[in-house]
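I have placed the structure first, in the form of structure tokens, so that the comments after it can refer back to it.
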Amino acid sequence: MERLLITGVLGCIGAWIARVALDEGHTVIGVDVSGERHRLQRLGVDGRFALEDVDVRDRSGLEELVRQRRPTAIVHLAALQIPSCRANPFRCAEVNVGGMGNVLELARKFGLPLVYASSAAVYGPGPSGPLAEDEGINPHSLYGVFKRTNEDMARLYAHEYGVTCAGLRPWVVYGPGRDAGMTGDITLALWHAMRGEPYRIRFSGTVDLQYAEDVARAFVTAALNPKPGARVYNLRGEVASVDDAIKTIERLTGTKGLISYEPTPIPIAADLSDARFQEDFGPFPFRSFEEGLRETLRIWRDNPGSDERPKVL
Ligand SMILES: NC(=O)c1ccc[n+]([C@@H]2O[C@H](COP(=O)([O-])OP(=O)(O)OC[C@H]3O[C@@H](n4cnc5c(N)ncnc54)[C@H](O)[C@@H]3O)[C@@H](O)[C@H]2O)c1
């Protein structure tokens, strides 16, 4: 059994990774600064692991934590999302790039394998796909530039210091707990449709929809099976237009016309190949968007006390 140090554990993907890891019998040491425990509560893992209030910008705090808790692998997720990066680029660089630098130092100093969240935002709107990991890289946001920088830093830490790391690139993650960031709008649209309320998604175009639990399983799998070097991996759920995603939401909630969207597409290629991830860790099935939405509705309906907090950053 492993001891996973998870940064950003109070976020959507972090809470799901904690749940998947705990359910598999691993120990979790969680790091976050937000104090927001609603996702842990919704997934039934609040109080089931040690939660440390350490900022990923605080390298000595992180080192002290590793000395005390002795993790066997690191899963690094803590980051600010696209709207926060747009609003405050310098702070985003400190957290998203500085934090990654600190975590790479931890991996180097303590000889720990590292899995970190990159993003499909390293791609530009780009050529038609399916695109491999090194095709069409051209980030159109500072957030994507910082993620790309993280991948380059990881590559050089592997080359110079022998650090073992894997970077996973989620696209639109949806499901219970996904209430932050621009692409959280898909989950919030479902939440509002379920309640018979209108909602406007802030983007259009074609996206890759990945259920949060599947993404979490991908992170845990990569953390438990470290590969030498610093490979990056695309993930692939269901590629669909926002228009079609809305139709599926309407069908499953029995609503019509409540969900609308802004005409601006996200400037990221949607058709990405996950052949490398499948080759290294597969076969690894991602569920369909419809299955993921059904599961999301089931979890919300089975936990009537839980509340998908509409948080527009
Ligand atoms: N959700 C997606 O669709 C998606 C897509 C691509 C990449 N990613 C990446 O995956 C990771 C997790 O995404 P998420 O959706 O769970 O995001 P999230 O915003 O829900 O969670 C991020 C967590 O990091 C924490 N955090 C922020 N700054 C911190 C700091 N300085 N020190 C410690 N903790 C800090 C936040 O409090 C938050 O709980 C992020 O790196 C994100 O960029 C997410």
Residues in the range 246-275 that are part of a helix (DSSP H, G or I), among the polar types (S, T, N, Q) and in contact with a strand residue (DSSP E or B) (Cβ under 7 Å, 6 or more places away or on another chain) total 0
Take Ala73 and decide whether it is surrounded by 24 or more Cβ atoms within 10 Å (Cβ to Cβ) and among the small types (Gly, Ala, Ser). no
If Val163 passes every condition in (1) within 17 Å of Gly124 (Cα to Cα); (2) buried (at least 20 other Cβ atoms within 10 Å of the Cβ); (3) not hydroxyl-bearing (Ser, Thr, Tyr) but one, which one does it miss? (1)
Selection from the range 1-42 of residues that are of a type in the set (Gly, Ala, Ser), in a helix (DSSP H, G or I) and in contact with a Gly (Cβ under 8 Å, 6 or more places away or on another chain): Gly14, Ala15, Ala18
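If we scan the range 284-294, do we find a residue that is of a type in the set (Asp, Glu) and surrounded by fewer than 18 Cβ atoms within 10 Å (Cβ to Cβ)?
Checked the range 284-294: at least one residue is of a type in the set (Asp, Glu) and surrounded by fewer than 18 Cβ atoms within 10 Å (Cβ to Cβ).
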With the requirement that a residue be assigned to a loop (DSSP other than H, G, I, E, B) and under 17 Å from the mean Cα position of the chain (by Cα), what does the range 43-74 give you? Leu43, Val56
Of all residues being closer than 17 Å to Ala78 by Cα and more than 8 Å from the ligand (Cβ to nearest atom) in the range 39-57, which is surrounded by the fewest Cβ atoms within 10 Å (Cβ to Cβ)? Just the residue, please. Asp53
I need a count of the residues in the range 17-34 that are near the ligand (Cβ under 8 Å from one of its atoms) and touching an Asp or Glu at 6+ places or on another chain (Cβ under 8 Å). 3
Tabulated pairs, the range 36-49, first touching a residue at least 60 places away in the same chain (Cβ under 8 Å) and under 11 Å from Cys12 (Cβ atoms), second near the ligand (Cβ under 10 Å from one of its atoms) and part of a loop (DSSP other than H, G, I, E, B), C-beta under 7 angstrom, 6+ apart or interchain: Arg39/Leu10; Arg39/Gly177; Arg42/Gly177; Leu43/Gly177
Among the residues of the range 297-307, is there at least one that is under 25 Å from Gly167 (Cβ atoms) and outside any loop (DSSP other than H, G, I, E, B)? no
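Of the residues Arg42, Arg69, Arg91, only one is within 20 Å of Lys147 (Cβ to Cβ) and of a type outside the set (Gly, Ala, Ser); which? Don't jump to the end; show me each part of the working.
On the way: Arg42 fails: within 20 Å of Lys147 (Cβ to Cβ); Arg69 fails: within 20 Å of Lys147 (Cβ to Cβ).
Being within 20 Å of Lys147 (Cβ to Cβ) and of a type outside the set (Gly, Ala, Ser) holds for just one of Arg42, Arg69, Arg91, which is Arg91.
Values in this text are rule-based calculations from the coordinates and carry no lab data. The structure displayed is predicted, hence computed values, not measured ones. Positions of Cβ are backbone-derived with ideal geometry, glycine not excepted, and every protein chain shown enters the neighbour counts.
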